[in-house]
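Comments concern the structure below.
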Amino acid sequence: AQSVTQLGSHVSVSEGALVLLRCNYSSSVPPYLFWYVQYPNQGLQLLLKYTSAATLVKGINGFEAEFKKSETSFHLTKPSAHMSDAAEYFCAVSDHEKLTFGTGTRLTIIP
Amino acid sequence: DTGVSQDPRHKITKRGQNVTFRCDPISEHNRLYWYRQTLGQGPEFLTYFQNEAQLEKSRLLSDRFSAERPKGSFSTLEIQRTEQGDSAMYLCASSRVLDSSTDTQYFGPGTRLTVL
């Protein structure tokens, strides 16, 4: 069985500030972990993925995430928020077949 | 590569009607997935195919739902006797899985279903 918990359904940060979106996972097998972004009325776009290689993963648009097995976490960060980062972000865990998603975090950027 | 495409993008129907959605995956992707996303929630897995074989179905997929991938390329998802609770975004994704390669799923734009 696998599950994902995203802490904070809404996060607001000022433009230029650090973005931190939290994700904790549970998996009975070594996990593959993903972050996806969803803009209104669109599908999901892959930001980055962890597949048991380097624990610090760099993705698109300046985002990165660090896999911490001891904390069962895969938090998403970006050093400096941009207005275009406003969207819904989903963390997901894969059992190499289906994805199990968290409930999402809506990121708002304050000008 | 062209991305995953879905048709239609929006569908409004009356309760009790049947609807069918189509998904065209990225070419040469052997796996195709269907997910359902309701307002304020993350996507939930419905079913997936490897080539033309349907390998897993979620318990969310009631007997009113049926999915096919007849030639291992495009897929259809049919909902019979729609209910208001079926209103959701239906997302399709595809991936290429070869031996132990990473199974990154790429998503289409979704079909938004509204049942009146």
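No value in this document is a laboratory result; all are computed from the given coordinates. In this text, all values refer to a predicted model and were calculated from it rather than measured experimentally. Note that we place each Cβ from the backbone using ideal geometry, even for glycine, and neighbour counts take in every protein chain shown.
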task = Starting from the Cα of B:LEU39, step 7 Å along the direction of its Cβ; do the same at B:ARG96; then give the gap between the two resulting points in nm.
result = 4.0 nm
key: Nonlocal amide H pairs with A:SER12, under 5 Å, H built at 1.01 Å   = A:THR108
task = Calculate the dipole size of chain B relative to its Cα centre from +1 charges on Lys and Arg beta carbons and -1 charges on Asp and Glu beta carbons; express the result in debye to the nearest 20.
result = 500 debye
task = Of all alpha-carbon pairs in region A:27-94, indicate the percentage at a distance above 17 angstrom.
result = 40 percent
inquiry  = Under a Cβ-only charge scheme (Lys and Arg +1, Asp and Glu -1), can you give me the dipole magnitude of the protein assembly as shown about the Cα centre, in debye to the nearest 20?
reply    = 460 debye
query = Which ³J(HN,Hα) values, rounded to whole Hz and listed in residue order, are derived for region A:27-35 from phi using the Karplus coefficients 6.51, -1.76 and 1.60 in 6.51 cos²θ - 1.76 cosθ + 1.60 with θ = phi - 60°, glycine and proline given as x?
reply = 8, 8, 10, x, x, 9, 10, 9, 10
message = Which residue, B:HIS10, B:PRO109, B:LEU61, has the largest displacement toward the positive end of the dipole of chain B when charges sit on each Cβ (Lys, Arg +1; Asp, Glu -1)?
response = B:HIS10
task = Obtain the nm distance between the two label points defined at B:SER5 and B:ASN18 by a simple spin-label model: each point lies 7 Å from its Cα along the Cα-to-C-beta direction.
result = 2.5 nm
query = If the chain between B:GLU68 and B:GLN50 were fully stretched, how many nm would it gain, using 0.36 nm times the residue separation less the Cα-Cα distance?
reply = 5.4 nm
message = How far apart, in nanometres, would the label points at A:SER26 and A:HIS82 be if each is projected 7 angstrom from Cα along the Cα-to-Cβ direction?
response = 3.8 nm
query = Two-decimal Rg/Rh of chain B from alpha-carbon positions, Kirkwood Rh?
reply = 0.96
key: DSSP beta bridge pairing in chain B, given as percent antiparallel to the nearest 5   = 90 percent
task = Run the dipole for chain A about the Cα centre, Lys and Arg Cβ at +1, Asp and Glu Cβ at -1, nothing else charged, and hand back the magnitude in debye, nearest 20.
result = 100 debye
message = Quick check: convex hull over the Cα atoms of region B:1-43, volume per residue in Å³, rounded to an integer?
response = 110 Å³
task = Report, as an integer, the average count of C-beta atoms from other chains found within 10 Å of each Cβ along A:90-103.
result = 5
remark   = The rounded separation in angstrom of the Cα centers of region A:56-111 and region A:1-39 is 5 Å
